[in-house]
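Visitor: Below are the structure tokens for one structure; questions will follow.
The values are calculated or read from the model by the stated rules, or taken from the named source; none is laboratory data. Given the structure is predicted, the values throughout are model-derived calculations rather than measurements. We place every Cβ from the backbone using ideal geometry, glycine too, and count neighbours over all the protein chains shown.
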Amino acid sequence: ASGLPVLTLHYEDILRNEESLQLSVQQFLGVPSQPLKSRVLKNTSDDLRRVVVNFEELRSAYASSPYAHMFGEVVLGA
């Protein structure tokens, strides 16, 4: 490793509280805090069953894998 400090970010944290995450990043970088507005907009449901056409097929294919639990997960209520 480089020995440099690392800040780990998770997509779910952006969804839950974007402002708080932005503040954490600004503090980590040592830059003055200021409100930021992303130009990226989320436009799909949090429930992937509503947006992935072959969701059931994928769920079946991964049923015996370490990823099986992800197919029952909805990050933020739909």
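Visitor: Of all residues in region 23-78, which are among the polar types (S, T, N, Q) and assigned to a loop (DSSP other than H, G, I, E, B)?
Guide: Ser33, Gln34, Ser38, Asn43, Thr44, Ser45, Asn54, Ser64, Ser65
Visitor: For region 35-72, which residues satisfy the criterion of being farther than 24 Å from Asn17 by Cα and of a type in the set (Lys, Arg)?
Guide: Arg59
Visitor: Please state which of the following conditions Val6 fails to meet, knowing it meets all the rest: (1) part of a loop (DSSP other than H, G, I, E, B); (2) surrounded by 10 or more Cβ atoms within 10 Å (Cβ to Cβ); (3) under 19 Å from the mean Cα position of the chain (by Cα).
Guide: With (1) part of a loop (DSSP other than H, G, I, E, B); (2) surrounded by 10 or more Cβ atoms within 10 Å (Cβ to Cβ); (3) under 19 Å from the mean Cα position of the chain (by Cα) applied to Val6, the lone miss is (2).
Visitor: Still on this structure: Going through Leu41, Leu48, Leu36, Leu9 one at a time, which residue ends up being without any contact (Cβ under 8 Å) to a residue 60 or more places away in the chain and more than 26 Å from Phe71 (Cα to Cα)?
Guide: After applying the criteria, what remains is Leu36.
Visitor: Restricting the search to region 9-53, which residues are surrounded by 11 or more Cβ atoms within 10 Å (Cβ to Cβ) and of a type in the set (Val, Ile, Thr)?
Guide: Ile14, Val25, Val51, Val52
Visitor: Taking the stated definitions as given, is Glu12 modelled with pLDDT of 85 or more, on the phi < 0 side of the Ramachandran plot and part of a helix (DSSP H, G or I)?
Guide: For Glu12, the condition - modelled with pLDDT of 85 or more, on the phi < 0 side of the Ramachandran plot and part of a helix (DSSP H, G or I) - is not met.
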